[in-house]
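The structure under discussion appears below in the form of structure tokens.
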Amino acid sequence: MTRELRDLARLALAVIRSVNGLLALFTPKVLLRKLEVDPDQNGAAIYALRMFGVRTVFLGAELFMKEGAERERALQTGVIIHASDTVSAAIVWARGYLPRRAAAVATLISCVNTLLALAAQDRTWDVLHGARDQAEAWAA
């Protein structure tokens, strides 16, 4: 994948993370209604969404602010985070904890985020082996 496409995937993921995180943090009731959950009957869900929002805003900011190896580590961690979110959303869907449509959308969003985190990674030899090669060069 070209550098430009990786950057596009990274920026798309950063925007998705930032928007979803800010919405969850500042308008959790709106998001709950989109998930067909009554926020007045599920106060704990407001708290959980705000925690999700804070986490997600920081994850989005990482992709805008970090560069090089730090960015690659953030993307690698992002794969694990988003894959976990995907599995969690799929379990919620399978067990019927959310309405089918809402659970399907949550699962799809998390799956897209996982794929974007994978696509944004730089898998060139320099990135994958650069640190080891540099350490060997210094040791010689």
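The values are calculated or read from the model by the stated rules, or taken from the named source; none is laboratory data. Since the model is a prediction, treat every value here as computed from it, not as a measurement. Glycine also receives a Cβ, built like all others from the backbone with ideal geometry; neighbour counts cover every protein chain displayed.
Observations
- Region 77-100 - residue that is buried (at least 18 other Cβ atoms within 10 Å of the Cβ) and closer than 27 Å to Asp38 by Cβ and, of those, modelled with the lowest pLDDT: Leu98
- Region 1-25 - residue that is of a type in the set (Lys, Arg) and closer than 15 Å to Val112 by Cα and, of those, surrounded by the most Cβ atoms within 10 Å (Cβ to Cβ): Arg17
- So Ser110, is it among the hydroxyl-bearing types (Ser, Thr, Tyr), at pLDDT 95 or above and either touching a strand residue (DSSP E or B) at 6+ places or on another chain (Cβ under 9 Å) or surrounded by fewer than 19 Cβ atoms within 10 Å (Cβ to Cβ) (or both): no
- Scanning region 26-42 for residues that are buried (at least 18 other Cβ atoms within 10 Å of the Cβ) and in contact with a Lys or Arg (Cβ under 6 Å, 6 or more places away or on another chain) yields one hit, Pro28.
- From the options Leu23, Leu5, Leu11, residue that is over 27 Å from Glu72 (Cβ atoms), out of contact with any strand residue (DSSP E or B) (no Cβ under 7 Å at 6 or more places or on another chain), in contact (Cβ under 8 Å) with a residue 24 or more places away in the chain and not small (Gly, Ala, Ser): Leu23
- Boolean, Leu11 is of a type in the set (A, V, I, L, M, F, W, C), in contact with a Gly (Cβ under 7 Å, 6 or more places away or on another chain) and part of a helix (DSSP H, G or I): no
- Inclusion of Asp40 among residues that are within 18 Å of Val112 (Cα to Cα), out of contact with any Asp or Glu (no Cβ under 7 Å at 6 or more places or on another chain) and not hydroxyl-bearing (Ser, Thr, Tyr) is not warranted.
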